[in-house]
1. Is the shape of the range 104-175 rounded, prolate or oblate, going by the alpha carbon gyration tensor and its root eigenvalues a ≥ b ≥ c, with a/c under 1.5 for rounded and a/b larger than b/c for prolate?
2. Give the separation of the Cα centroids, the range 1-35 to the range 141-158, in Å.
3. Of MET138, MET150, which has the most accessible area with a 1.4 Å probe, and how do the rest follow in descending order?
4. Just the number: Rg to Rh for the chain, Cα atoms, Kirkwood Rh, two decimals.
5. For the chain, calculate the relative contact order in percent as a whole number, restricting contacts to Cα pairs under 8 Å that are 6 or more residues apart.
6. I'd like to compare 169-179, 198-208: which one has the highest average count of other Cβ atoms within 10 Å, and what's the full order after that?
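The values are calculated or read from the model by the stated rules, or taken from the named source; none is laboratory data. Remember, it's a predicted structure, so these values are computed and weren't measured experimentally. Every residue, glycine among them, receives a Cβ derived from its backbone with ideal geometry; neighbour counts consider all protein chains shown. Side chains are part of the model used for accessible areas, which takes the heavy atoms of the whole protein and leaves out ligands, DNA and RNA. Shrake-Rupley method; radii C 1.70, N 1.55, O 1.52, S 1.80 Å.
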Amino acid sequence: MRRVQIAPSILAADFAKLGEEIRKLDTSGADYIHIDVMDGHFVPNLTMGANVVHAVRPHTSLPLDVHLMIAPVHQFISDFAESGADIITIHVEADPHPRRIIDLIRSHGIKAGIAIKPSTPSSAIDHLLDYVDLVLVMTVNPGFGGQEFMPSQLKKLKTLRKMIDAGDRNVLLEVDGGVTIQTAQQAVTAGADILVAGTASFSGGPTCYATNIAALRGLVAE
Ligand code: DX5
Ligand code: ZN
């Protein structure tokens, strides 16, 4: 039986109170802090950079799970690693040689993840499964919080779960986008280890974070 882990995305946080928001998540049962980095080029939105990772680092001892939706990505890895990221996930679509970036991330002594967009098949990353610590399956088109979960991605999730288990690999399977109590159940049943949740974690304000996270994590994989 797998324990479901929750990674609240701070994209849905109150940026004017970011330190306070992170401290509240830390005491509300979050397992990771998910940080969505967007460049206005790989995705049609701009968010935050390594300076934000550096700024939030002192506010939590939870692992910082940094999701880079940027291209090119190579020249930013050191900045994010040195700013305190524990996991850096890049998109397979962001570089013609993702394995090189994965090796670069790991050379900093931290974990490396590979993410795939909804339009990318699981076969695009099968050659990388032996070199990553985490696979992130996007269940919305990357770029914005608050979008609707795409059930079409559940098949891919199941396939990746099988591929990971077949190789007896120590690779976490993370689902990102449109996670709600209902869709969380589907994602967990399909094999997710970690649920990224922006809107669903922050809904109702700080007094609800603990209940929101507990409700999402209450789901147990068969
Ligand atoms: C989308 C981001 C997600 C997003 C999740 O590009 O990668 O992490 O913030 O937000 P919700 O949970 O609101 O869909
Ligand atoms: Zn994300």
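1. It is oblate, given that a/c is not under 1.5 and a/b is not larger than b/c.
2. 20 Å
3. MET150, MET138
4. Values: Rg = 15.9 Å, Rh = 17.1 Å.
Rg/Rh for the chain comes to 0.93.
5. On the way: 460 pairs, mean separation 51.7, N = 222.
This gives 23 percent for the chain.
6. Details: 169-179: 22.2, 198-208: 16.8.
The peptides rank, most packed first, as 169-179, 198-208.
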